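Read the structure below first, then the notes.
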Protein chains: 2
Amino acid sequence: MKVLRRSSKAAIWSEAYRRSALSIGFVPTLGGLHEGHLSLVRQARLECDRVAVSIYLNPSQFNSDEDLESYPCDLDADIESCRAEGVDLVLLGQQEDFFPENFQSWVLVEDLARELCGAGRPGHFRGVCTVVTQLFHVIRPHRAYFGLKDFQQAKIVKKLTEELLFDVEICLMPTIRSQDGLALSSRNDRLTETQRAAAPALHEALVEAGNLISSGETSAKAVKEFLLSRLAGVAGCELEYVEVLSAATLGEFPGQVLNTSGEGVLVALAIIFEEVRLIDNIQVQDAGVSDQVESGSEGGS
Amino acid sequence: MKVLRRSSKAAIWSEAYRRSALSIGFVPTLGGLHEGHLSLVRQARLECDRVAVSIYLNPSQFNSDEDLESYPCDLDADIESCRAEGVDLVLLGQQEDFFPENFQSWVLVEDLARELCGAGRPGHFRGVCTVVTQLFHVIRPHRAYFGLKDFQQAKIVKKLTEELLFDVEICLMPTIRSQDGLALSSRNDRLTETQRAAAPALHEALVEAGNLISSGETSAKAVKEFLLSRLAGVAGCELEYVEVLSAATLGEFPGQVLNTSGEGVLVALAIIFEEVRLIDNIQVQDAGVSDQVESGSEGGS
């Protein structure tokens, strides 16, 4: 396994495999690797000849210094995890390569970034879109893997890849959860014992809301109210948002009337336990409640 | 010579040459090809194994429907010109590939796009940056050629290519002029006979302003005033801007004190003859007045 720091070196690595007509799978990460990331790496390993992982705590996608500074980071452990999964290249992103002084070139997606996390974290998705573009230019992957825990991010990356005519297939993979239902996140390690014990209530509430929709509730307002009252009982957490939106557009349904056909309904929330911000979501389609999307060739279960 | 309409087909063309380790030179255009464009094509032909030209009247970089609709367009003549210059691929860009309905992914450069044409044409450079990104993804050129008549555009494209870590060398080429000094532009054909007779005064004024700077004038204000009075004598034209800026930052020099070291001084103007908008510029460096940049490996004279 190669561990490289300079993006120019990584570009040479990928160009060589491209020329040999070998396929490259890519998993971009902020570090703090857990089973969620590793599920993406394993899928890439299954589907591609070579697998690259980037570890880069991209400051441009954090809109709070506190959140950036407290983000878990254990580079040695991350590199060891990659080695154990048979990764071929780890790129340790450097600030001077990606966001040098006087940086002024940005990539952004408009409508899809407006609601949900886009509303409360200005500049976040612009930072994500820009670093993803840069990483795609360096790694030149055939397939890139993203987790559906970050549903909005996944949709945005897929949109920009299509619209900017990148030659990359975006593979969206299901959220990986603890046995008690809590979605895996690097930020979970920062929860106190009491907070950690309360946190599975988020997923429980989402599943109940999903069942409500599956059994015929079509009022977005009613589902939102159900969730709000359900979450009011979770101790020590502050709500950032609860949204019941079209999973296709990430906007409201016309007249707030839910429709589970096609991509269906996205029920998503962001809550804050003191300084720890957690997000989770489920998607409700005609087929039933699901916290994972299996969209044809784009992912797997 | 291949003439393709679908970007997906063009991507297959370029991937094949990439794999064979052949170099691809690329000249993106809006059509209306003249000697300025053809000078870029000839340089690409000299330096690269394969040459691709795109012809796409990108609506997202026009901020006036009138300007877009009156832009000269003779596709057969353009294709014939490309054939005569030994071009290998002409891509005729299609709206549904580049800017389909609900398009929402944009690339932009901030500071460099603020002044000059950026000030009077909101959204123009965002449109340019986005289509250049798309075209680079499709054609995957090793070298791409831009003319210095559009000095600001050239600087912006170079910046975004570097910052977004594109593996493309941007080659900047000198402005091509009529014998009387008028910079070639597709829009020149729309000038009346009287306007065409008056238009060379723009370049004359720029050269005189450049000589003023070369002979020691360091006040941006004085040079600007000289230009304004010089251009006041040109019949039938309305001034959009006259600027005397740092060619490196496209911003004002500190204290408006000109400095010809390094990239030196850019003197640029945009004027409008009724509905026809013309731009021109010269760059003044220690080496003297020049309406072309020879920046090491990046261009030629």
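Computed from the coordinates by the stated procedures, all read-outs in this text should not be read as laboratory data. Just so it is clear, the structure is predicted and the values come from calculations on it, not from any experiment. Every residue, glycine as well, gets a Cβ built from its backbone with ideal geometry; the counts of neighbours run over all protein chains shown.
Listed values, structure above:
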read-out: For the range B:2-173: span of alpha carbons on each principal axis (Å, largest first); value: 42, 34, 32
read-out: For B:Tyr56, distant residues with modelled amide H under 5 Å away; value: B:Thr29, B:Leu30, B:Gly31, B:Gly93
read-out: Positive-end residue of A:Leu212, A:His137, A:Asn63, charge dipole of chain A with Cβ unit charges; value: A:His137
read-out: Long-range HN-HN contacts of A:Met173 with modeled amide H, under 5 Å; value: A:Phe146, A:Gly147, A:Leu148
read-out: Most to least packed among A:260-270, A:70-80, B:55-65 [average Cβ atoms within 10 Å]; value: A:260-270, B:55-65, A:70-80
read-out: Shortest-first distances to equivalent copies, position A:Glu275, nm, label 7 Å out along Cβ; value: 6.1
read-out: Sequence-distant aspartates and glutamates (8 or more away, or on other chains) whose Cα lies within less than 18 Å of B:Lys224; value: B:Glu115, B:Glu204, B:Glu208, B:Glu238, B:Glu240, B:Glu243, B:Glu252, B:Asp280, B:Asp291
read-out: Pseudo-label separations to other copies for B:Gly251 - Cα-to-Cβ vector, 7 Å, nm; value: 3.7
read-out: Check: the range A:158-301 dipole with +1 on Lys, Arg Cβ and -1 on Asp, Glu Cβ, in debye; value: 280
read-out: Chain B - charge dipole about Cα centre, Lys and Arg +1 at Cβ, Asp and Glu -1, debye rounded to 20; value: 800
read-out: Sum of -39500 (n - 2.57) over DSSP H runs of 4+, divided by residues of chain A (222 nm, nearest 500); value: -11000 deg cm²/dmol
read-out: Unit charges at the beta carbon, dipole of the protein assembly as shown: most positive-side option, B:Leu164, A:Val41, A:Pro28; value: A:Val41
read-out: Beta bridges by DSSP in chain A, antiparallel share as percent, to the nearest 5; value: 55
read-out: ³J(HN,Hα), Karplus 6.51/-1.76/1.60, whole Hz, each residue of the range B:188-195, x for Gly, Pro; value: 4, 4, 8, 6, 6, 4, 5, 5
read-out: Charge context of A:Leu112, other residues only, Cβ under 15 angstrom, K/R +1, D/E -1; value: -4
read-out: ³J(HN,Hα), Karplus 6.51/-1.76/1.60, whole Hz, each residue of the range B:217-231, x for Gly, Pro; value: 5, 10, 8, 4, 4, 4, 5, 5, 5, 4, 5, 4, 6, 5, 7
read-out: 10 Å Cβ neighbours from other chains, averaged over peptide B:130-137; value: 4
read-out: Residue mean of other protein chain beta carbons inside 10 Å, B:158-164; value: 5
read-out: Cross-link table A:Lys149/A:Lys221; B:Lys9/B:Lys149; A:Lys149/B:Lys158; A:Lys158/B:Lys2, entries beyond 28 Å C-alpha to C-alpha; value: B:Lys9/B:Lys149; A:Lys149/B:Lys158; A:Lys158/B:Lys2
read-out: Cα centroid separation - the range B:8-85 against the range A:173-202, whole Å; value: 53
read-out: Shortest-first nm distances, B:Ile12 label point to equivalent points in other copies (7 Å, Cα→Cβ); value: 3.4
read-out: Number of partner chain Cβ atoms within 10 Å, mean per residue of B:98-105; value: 5
read-out: Whole-Hz ³J(HN,Hα) from phi, Karplus 6.51 cos²θ - 1.76 cosθ + 1.60, for the range A:69-86, glycine and proline x; value: 5, 8, 5, x, 8, 9, 4, 4, 5, 4, 5, 4, 4, 5, 4, 5, 8, x
read-out: Antiparallel bridges, percent of DSSP beta bridges restricted to the protein assembly as shown (to nearest 5); value: 55
read-out: Sparse-neighbour loop sites [trypsin sites (Lys or Arg not before Pro); the range A:1-105; at most 16 other C-beta within 10 Å; DSSP]; value: A:Arg5, A:Arg6
read-out: Electrostatic dipole magnitude of the range A:2-173 [Cβ: Lys, Arg +1; Asp, Glu -1; Cα centre; debye, to 20]; value: 620
read-out: Tilt relative to chain A, helix A:200-214 - C-alpha long axis, 0 to 90 degrees, to 10; value: 70
read-out: Rg/Rg_ref, the protein assembly as shown, where Rg_ref = 2.2 N^0.38 Å and atoms are Cα; value: 1.08
read-out: Full-stretch length increase - A:Asp180, A:Lys2 - with 0.36 nm per residue and alpha-carbon distance subtracted; value: 60.4 nm
